[in-house]
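Visitor: Sharing a structure here in structure tokens format.
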Amino acid sequence: MTMPSPDRYTQPDKMPDPNGYYGRFGGKFVPETLMPALEELTEAYEQAKWDAQFDKEYQYYLADYAGRPSPLYFARGLTEHLGGARIYLKREDLNHTGSHKINNTMGQVLLARRMGKKRIIAETGAGQHGVATATVASMFGLECAVYMGEEDIRRQSLNVFRMRLLGAQVVPVTSGSRTLKDAMNEAMRDWVTNIGTSYYLIGSVAGPHPYPMMVRDFQRIIGVEARRQIHEQTGRLPDYVLACVGGGSNSMGIFHPFLEDEQVALVGVEAAGHGLDTPLHASTLTRGKPGVLHGSLSYLLQDSDGQVVPVHSISAGLDYPGVGPEHSYLKEIGRAGYITATDREALEAFKILCRTEGIIPALESAHALAAAISMAPQLSRDNIMLVNLSGRGDKDVHTVAAEMGVSIDE
């Protein structure tokens, strides 16, 4: 057996442990009916990730279908507009389907085929993961059901139409807050019912082991490329790496290859919504406390009785009360810092990038940009900031127009 490229699968901190724990976070907190499926998945992934043929097939589709490597772009206009640090953008928005989600869905659907599964189940908030899942399922001729909260269906009608064009069944979820948390609950119920034939394709570094590890490994390509590209363009590593955090897949993907580079500050940006002094935010690591959600122990927004509380973000992809367990671990050991950006700050960053660079970012990515816009003027020209532009903003133009008081449906 030939070992695949070491810079793709090497795990500098040896996390998680064999039981799926990152320090005290992670694990498998699921009903007994799901344990055989998780054990089957763990065994299948452990075999696949060291299989050179699997890696070769994955790399082929990333390059020739998804369009990798994505560029690293020096944002000269934004840098000059702000003064201070030089800002580089990792352009995940230029991938096929318009976001980083294709990296993970391609890897997991190849694994599902290897396991002989004929049906794919997924959940989605902003629709980017749903579109990426529907895309790869269509390409490989697999049945696909995507669970989506009614509120997110309303906010992301363009992506709902794209999923249906690709042949997926979009299943509306009307329970709870009708957003990503509730969609994930319904997708898990479907998986329990159809566990013999269906593969549950989780889109973030959340859920029970092995999902946080597996999704991180498939998204790690972002940081592997960015680390090489920034060194080629500037001759050194960046001072800061910034990315938005909802569940946390794009941020974990770009953070992970920099974990051992202690001179590089890793900055995750959560959604502060209407403000941290209101209940309308989704700042899990900033204001939450440890608890169990969707099969793993991690930071969680909950009330004094341990009940999950409703959350809010203008960005559907960040509108989630939990976060991946590895982020909780990085926060606890102090390797990554987590700050917040409000809806208003994200909207302003969205508009600034449009006008300085001709790039329309996803509202998720605009949260990371908002942090960069706040920090850059305080730094010198010698400092380098690397921002992960996780997705494009076509899907968000109706939301932004509404916030600006503009009607674009007439």
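Visitor: Please give every one of the lysines within straight-line cross-link reach of LYS395, meaning a C-alpha to C-alpha distance under 22 Å, and leave out same-chain neighbours fewer than 8 residues apart.
Guide: Answer for LYS395, where 22 Å is the Cα cut-off: LYS90, LYS101, LYS181, LYS351, listed by chain and number.
Visitor: May I pose another question? May I ask you to rank ARG154, ARG344, ARG68 by accessible area, largest first, using a 1.4 Å probe over the protein chains only? Display every interim value, and only then the final one.
Guide: On the way: ARG154 155, ARG344 190, ARG68 20 Å².
Highest to lowest solvent-accessible surface, that is ARG344, ARG154, ARG68.
Visitor: If the elastic network links every pair of Cα atoms under 10 Å, which of MET139, MET184, MET106 fluctuates the most in the Gaussian network model of the chain?
Guide: MET139
Visitor: Still on this structure, I have one more. In whole percent, how big is the carbon plus sulfur part of the accessible area of the chain, probe 1.4 Å, protein atoms only?
Guide: On the chain, the fraction of accessible area on carbon and sulfur atoms equals 50 percent.
Visitor: Is the stretch 1-147 best put as rounded, prolate or oblate by its Cα gyration tensor, with a ≥ b ≥ c the root eigenvalues, rounded for a/c under 1.5, and otherwise prolate when a/b is larger than b/c, oblate when not? Walk me through the numbers on the way to the answer.
Guide: Working: a/c = 1.68, a/b = 1.46, b/c = 1.15.
Prolate, since a/c reaches 1.5 and a/b exceeds b/c.
Visitor: 222 nm [θ] for the chain, helices only, -39500 (n - 2.57) per DSSP H run of 4+, per residue, to 500? Please report the intermediate quantities before stating the final value.
Guide: Values: 17 runs with 169 residues, N = 410.
Computed mean residue ellipticity for the chain: -12000 deg cm²/dmol.
Visitor: When you count, for each residue, the other Cβ atoms within 10 Å and take the mean per peptide, how do 320-327, 275-282 rank with the highest first? Spell out each step's value before the answer.
Guide: Values: 320-327: 29.4, 275-282: 16.6.
Taking the mean over residues of other Cβ atoms within 10 Å, the ranking is 320-327, 275-282.
Visitor: Write down the accessible area per residue of the stretch 202-266 in Å², having rolled a 1.4 Å probe over the full set of protein chains. Write down the numbers at each step before the final one.
Guide: Details: 1530 Å² over 65 residues.
The answer is 24 Å² per residue.
Visitor: So how exposed is ARG178, as accessible area in Å² (1.4 Å probe, rounded to 10)?
Guide: 90 Å²
Visitor: Please compute the per residue accessible area over the stretch 44-199 with all protein chains in place, 1.4 Å probe, rounded to a whole number of Å². Mind dumping the intermediate values first?
Guide: Values: 5770 Å² over 156 residues.
Heavy-atom accessible area per residue stands at 37 Å².
Visitor: Oh, and also: Specify whether the C-alpha gyration tensor of the stretch 186-324 places it in the rounded, prolate or oblate class, a ≥ b ≥ c being the square roots of the eigenvalues: rounded for a/c under 1.5, otherwise prolate if a/b is larger than b/c and oblate if not. The partial results should precede the final answer.
Guide: Details: a/c = 2.43, a/b = 1.32, b/c = 1.84.
Verdict is oblate for the stretch 186-324.
Visitor: Counting residues in the chain as N, plug N into 2.2 N^0.38 Å and put the Cα Rg over that result.
Guide: 0.90
Visitor: Assuming a ≥ b ≥ c are the square roots of the Cα gyration tensor eigenvalues, decide whether the stretch 139-213 counts as rounded (a/c under 1.5), prolate (otherwise, with a/b larger than b/c) or oblate. Provide the component values of the computation, followed by the final result.
Guide: Numbers: a/c = 1.64, a/b = 1.16, b/c = 1.41.
It is oblate, given that a/c is not under 1.5 and a/b is not larger than b/c.
Visitor: So for the chain, taking the charge dipole from beta-carbon charges (+1 Lys/Arg, -1 Asp/Glu), which of GLY405, ASN159, LEU237 sits furthest toward the positive end?
Guide: Towards the positive end, the residue furthest out is LEU237.
Visitor: Cα-Cα over 27 Å: which of LYS118/LYS331; LYS117/LYS289; LYS28/LYS49? Kindly include the intermediate steps, with their values, before the conclusion.
Guide: On the way: LYS118/LYS331 38 Å; LYS117/LYS289 37 Å; LYS28/LYS49 21 Å.
From the list (LYS118/LYS331; LYS117/LYS289; LYS28/LYS49), the Cα-Cα distance tops 27 Å for LYS118/LYS331; LYS117/LYS289.
Visitor: Another one. Considering all alpha-carbon pairs of the stretch 263-357, what whole percent are spaced by more than 24 angstrom?
Guide: So the portion of pairs separated by more than 24 Å is 24 percent.
Visitor: Oh, and also: Counting every Cα pair in the stretch 61-181, what percent are over 24 Å apart? Spell out each step's value before the answer.
Guide: Numbers: 2718 of 7260 pairs.
The answer is 37 percent, as a whole percent.
Visitor: Starting from the Cα coordinates of the stretch 238-307, work out the convex hull volume and express it per residue in Å³. If you can, show how the numbers build up before the last one.
Guide: Details: hull volume 7.9 nm³, N = 70.
Expressed per residue, the convex hull around the Cα atoms of the stretch 238-307 is 113 Å³.
Visitor: Per residue, how big is the convex hull of the stretch 56-105 when only Cα atoms are used? Give it in Å³.
Guide: Numbers: hull volume 4.1 nm³, N = 50.
Roughly 82 Å³ of hull volume per residue.
The values are calculated or read from the model by the stated rules, or taken from the named source; none is laboratory data. These numbers come from a predicted model, not from an experiment. Using ideal geometry, Cβ is built from the backbone for each residue, glycine included, and neighbour counts are taken over all protein chains shown. Just so you know, the surface numbers come from the protein's heavy atoms only, side chains and all, with ligands and any DNA or RNA stripped out. Shrake-Rupley method; radii C 1.70, N 1.55, O 1.52, S 1.80 Å.
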